[in-house]
Structures are given as C-alpha cells and as structure tokens.
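First up is the structure itself, then whatever we jot down about it.
The values are calculated or read from the model by the stated rules, or taken from the named source; none is laboratory data. Small disclaimer: the values here were computed from a predicted structure and weren't measured. Every residue, glycine among them, receives a Cβ derived from its backbone with ideal geometry; neighbour counts consider all protein chains shown. Note: accessible area is taken over every heavy atom of the protein model, side chains too, but ligands, DNA and RNA are not part of it. Shrake-Rupley method; radii C 1.70, N 1.55, O 1.52, S 1.80 Å.
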Amino acid sequence: MTFDELKEKAHALPLKPGVYIMQNEHNEVIYVGKAKALKNRVSQYFANLASHTDKTRAMVSSIHHFDVIVADSEFEALVLECALIKRHQPKYNILLKDSKGYPYIRLTVKEDYPKFDLSNKAGEDGARYFGPYGSRGASNAIIDSLLETFKLPTCHKKFPRDVGKGRPCLNFHMGKCDGYCRREMDQSRYGESMEQIIRLLEGKQGEVLKDLNAQMAQAAEELQFERAAALRDRIRAVELLSKRQKVVGRLAHTDVVGFFRGQAKSCFVVLHFVEGELAAKDMDLMETPMEGEEGQVISALVSQYYGGRGDLPRDILLPCELDDEVALTRMLSEAAGRRVNLVTPQRGAKLELIRLARTNAVEEVERATSREERQSKTLEALGKILGLERAPNRIESFDISNTAGEDIVASMVVFEHARPKKRDYRHFKIKSLTEGHPDDYHSMEEVLTRRLRRYLDGDTDFGALPDLFLIDGGQEHAKIAVGVLGELGLDVPTVGMVKDDRHRTRALIDAEGREFGIQGNPPLFALIGQIQEETHRFAIEFHRKQRSKSVKGSALDAIPGVGEARRKALLRHFKSIAAIKAASYAELAEVVDKKTAQAVYDHFQTPKEGA
C-alpha cells in the first residue's frame, strides 16, 4: 500500500478500542499497539511526520500494510496486545530480553545423583520444585550456597559413570567438595546430603540442625573426631545459610519498579521486597534508549514483565502514574487470582524505595555503557539541538586572552569524538592590533582568517575543517566568525557560548541570536563546559608565557649593547634573569663578547641609587 492509501485506511477506522498490527512488505509484524480509539491513534502515524522520533519515522517508513482487531474494552485490548507482542516479538516494540522474574528451583529427584536447575514454572515431570524465589540471581545464589555447605560436586563429571576415573579436581583439594568421584568415598552420603537440602528448601532448618547435632555427638562418642569436626563445620554453614535464606526470601510481597533512560542505553529494574527486606533485584538493559513518554514505556515494560505469570506480588510500586492503570491492574489481578495493586507513591518511605530502584537503574546503565557510546550519543544530541545534518565529531574552539591590551594571544583547541586532540591545538599571536588597544572582535577576526587561509593554502597543519566552530563569546563573536567564513566562501556551522553569572556556558547562540539550551542535557552541558575550560586554559597558559618573555626581555633591553640576538643567547644559556644576575664576568664572557659581558655584569652588580 502507498502512504496515502495507508493514511486513508487509518482515517476509516472506528473510534473503538482495539489493537493495530503493523507489517512490512514481507508480511512480518514490526509493531503491535493498543488504542482507546483506533482511528485517532493509528492516524497519528501518518500525519505530521516531522514531529515523530527517529525510531517512529523508521517504523512508519517500513509499514507496507496493517491490520486491526477491535476489542470490547481497553482491558481486552491490553491483554491482546501483550499476547501478540510475546508471539511476534516485533522489531519496533519495547521488548524485554526474556521472562526472568520469580523462578523455581528444580531438583531431579528420580536420578541416583539428583541435580539442581532453574525453571520459570513448576511442571509435572516428577521433579521437585521449590519457590518461587525473587529472581534468577537469588535462586542461583541459593543453589551455590547449598552445594558449598554440603560439599557436593559442582564440576561437569557424570555420576556414577565417572566414579574412580581420573583424579579429583581442585575443589576437593581446597576442601570445597567431598570428592564423590573417588572410589573410597561413601556414595550414600550424597543421598543423605540431598535429603537435608530438601528439608532446608522446605523451611525445616530446625530439623536439619537437630539431625546434624545428633550425628556430630555420635561421631564424637565413637572417637571419629575428623567426622565430628566436619559435621560441626556443616552445622555452622547451615546456620549461616539459614540467615541468608531470610534475606533471599521466597515469593515477593512488594515489587518496586525503577526506570532510567540513558544516552545510549535504558534500564528497567524491579526490586523484590519480602517482609520489608530487600530480597532480590531483576533488571533488563535495552541497547537503544526507549522513546515515548515515561508512563507509556513503563506500562509496556510492566505488562511484559508480569503478563502471563500467576505468581505476582500484592503491591507494585511505580515511579509514575499510568494512563492504562485500571486495565493493567485488572489484567494482573486476574492472572494472580487475587488483587494486585499498582501504587505511585508521592511521599514517605515508599517514595524512597522508588528512588532506590531508579538509582540501581542509573548505575546499571552507567556500568554497561562504554565511554565511546556515551560520547557518541552526546555528540548526536548536540547535532540535533543545533539542527545539524550529522553529529559534530570534530569541534574547534577559539578564545582571546590579553592583559590590559598587551601580549594579545588566541588559542585554538580541538575536540574529536568528544575528547581533546592536543596535537591539533594551535596558538596565535595577534599581529594587526597595537598594544594597549585591545579589540577582541578584531582579534577573533584575524585569528579565524589566518586559520582558514592556511586551510585554503593547503597547509597540512590546518588540513581539515571542523564540523563545528565553538567561539568563546556570544552572538557578536559568532557573527564575526560567520562573516569570515562568508568572505572566504566556506560554510562551517558556528555558535558562540553564552555564560552564566558563574562564567559557565549555559547555552549556545548563533549569529542570528537564536539560543540553544544545553542545561537540560547533563552530559552535553559537561562536554561544552570542558571545551570552554580547556580553550580558556590553553589561551591563558600561552599568554602567561608571552608575558613572562616580555618581562625577561625588558630587564636586559636596558643594557647597552644587548640586542635581541644577545638577549636570546643569554636566556638560552642561563635560563632565567635571576641566573644572569648571579653570573660572574667570566661566565658571562663565555656566552657574549667581553664588552657586552662587562656591561651586563656592571648593570646588575652596580648598586642603584637609594639601594
């Protein structure tokens, strides 16, 4: 279908709730959505394309045709949307990687040497199931603790097939495993340990400890002191494991949802609380930042995370209110067979839990996002704010520095891929102005003209034009730069930096006076601030060197016979004015002729009037 045909079909849809299914030319489902009014929602995709996000524009451009399913209510539309998303896994929907929450610990009791694994649901396959627990991470921690406590094998050997084959592994020699691969090992102890583990998972820690204490006493009575010591260590381990179990917890009573949308990645976090204690954390990282309003994104993630599960918490704390909260509450409650409450805290301890969940989401994103990804996204954001066709990967920044109009200099600092490229930094001495008559605008004009003419002349030191000129100054400095570019027939996007009362760049401004705010984007605000500080530092550093040279030169210029060549020779040899003052006549005569050496020596050694 053509775009106009799609638009016409959308306008013909009914004002009823339902689900729409977007498909590409290969009949693949690329997006599934729900709507209170199908006509209004679907028509938005084919109207005012400029207002869409990049992701939405890409999706719309891939639509070949679409279908709709009319529902009796928004609730039915939500349930149907969840089912279709799980079935088709559409490319442009927000998708969690897998169904993680609330796993069961599964034990294959029918085998002579039972083993543990995890399952998303309790099956009818003859195995024993324990749980559900807070998360897969918590469940694996329980299994690891049990195997460690009872010193059971964690290697890849198969029992009883591998008994007596090969040497015991490192775990046996480290005391972490009793070595069931050895022929001399009493294999019946494996079954005894498993029976105790089952009782622990059933919550019968007291019975297990009672049995272990009895066995320890019997071993001591029979003078089996090594066996008694091993049982004593196991009792301590079980006591410690029991304490851990209280923290790990079983089925969560309250879940807390956190969400963070980063520059390169987004993260959805669920904290599971049991009896007021944090039991476990689930999280899902999404490579592409989620688009759309926060409420829409969280609604989609929550419905996917909990949809289809029977084991649900009593309360789910959310960071914001959801438009479809009523329908989502009904869907989750029906799945659980009891009331599930969606709560958006406004104050107090529950709000602090929401903040904790978000903090976890932020940390996961920061940890998982590489520096290069963050830098790339920051530059993309800068390009979008300024309306550039592409991200400005190479940025050149200029600043002017002088002291009361003397020693006027300029600096050019280069950033590539959001990082300083110091080998491309350049200094300029201002030539067209007389000292004592500073003019930052004319200085900037001279510097930019010289820099751009060097480029036009093919100077390899100025080989490439930047993607953006960043001028340390406001609109007038931006105008100067644009004027120079125009005179030379060049076109480079140019903006000035607008300072706040603390001399930090609060916004960018073009030659026409349009301001571009950057404070709402912390990474971008930090990058522009870094460029500004580096440009200023480089200019000040060069200015101080020039100022120092001027001061040094003036002390020698007052001496008859000391011209520029002899002054340079003296400074090159002695390094400083202080060293020249302290030098003897013989030392000076090794650098300059005898007459000049005598003049320098007399100048510094002859007492001045009033001294």
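Computed quantities for the displayed model
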{"item": "Computed accessible area, VAL256, all protein chains, 1.4 angstrom probe, square angstrom", "result": "0"}
{"item": "For the stretch 207-218, 3J(HN,Hα) per residue [Karplus equation, 6.51 cos²θ - 1.76 cosθ + 1.60, θ = phi - 60°, Hz, x = Gly/Pro]", "result": "5, 4, 5, 4, 5, 5, 5, 5, 5, 5, 4, 5"}
{"item": "Vicinal HN-Hα couplings computed from phi for the stretch 573-579 (Karplus, 6.51 cos²θ - 1.76 cosθ + 1.60; Hz; Gly/Pro x)", "result": "7, 8, 6, 8, 5, 4, 5"}
{"item": "P(r) histogram, all alpha-carbon pairs of the stretch 463-520 included - 5 Å bins from 0, percent", "result": "4, 22, 26, 24, 13, 8, 3, 1"}
{"item": "Cut-off under 5 Å, modelled amide H: who pairs with GLY473 long-range", "result": "MET497"}
{"item": "Rounded to the nearest 20 debye, dipole of the chain from Cβ charges on Lys, Arg, Asp, Glu", "result": "1660"}
{"item": "Mean projected area in nm² (Cα convex hull; one quarter of hull surface) for the stretch 4-54", "result": "3.9"}
{"item": "Set LYS91/LYS350; LYS39/LYS265; LYS36/LYS91; LYS121/LYS158; LYS39/LYS86; LYS7/LYS86 screened for pairs whose C-alpha atoms are more than 31 Å apart", "result": "LYS91/LYS350; LYS39/LYS265"}
{"item": "With all protein chains modelled, accessible area of MET185 [1.4 Å, Å²]", "result": "20"}
{"item": "Sequence-distant residues sharing a close amide H with HIS65 (under 5 Å, placed H)", "result": "GLN23"}
{"item": "Separation in nanometres of the label points that stand 7 Å from Cα toward Cβ, at ARG227 and ALA12", "result": "8.6"}
{"item": "Solvent accessible area, Å² - ASP186, 1.4 Å probe, full protein context", "result": "80"}
{"item": "Long-range amide H partners of GLY262 with built H, under 5 Å", "result": "CYS267"}
{"item": "Within straight-line cross-link reach of LYS165, aspartates and glutamates at Cα separation under 15 Å, skipping those fewer than 8 residues along the same chain", "result": "GLU184"}
{"item": "Inter-label distance, nm, simple model (7 Å from Cα along the C-beta direction), GLU416/ASN48", "result": "4.2"}
{"item": "Probe 1.4 Å, all protein chains present, accessible-area order of GLU325, GLU446, largest first", "result": "GLU325, GLU446"}
{"item": "Largest-first ellipsoid semi-axes for the chain, taking √(5λ) over the Cα gyration tensor eigenvalues, angstrom", "result": "69, 43, 20"}
{"item": "Cα-centre dipole for the stretch 344-404 with unit charges at Cβ (Lys and Arg positive, Asp and Glu negative), debye to 20", "result": "340"}
{"item": "Karplus-derived 3J(HN,Hα), 6.51/-1.76/1.60, for each residue of the stretch 377-389, Hz, glycine and proline x", "result": "5, 5, 5, 4, 5, 4, x, 5, 4, 8, x, 7, 6"}
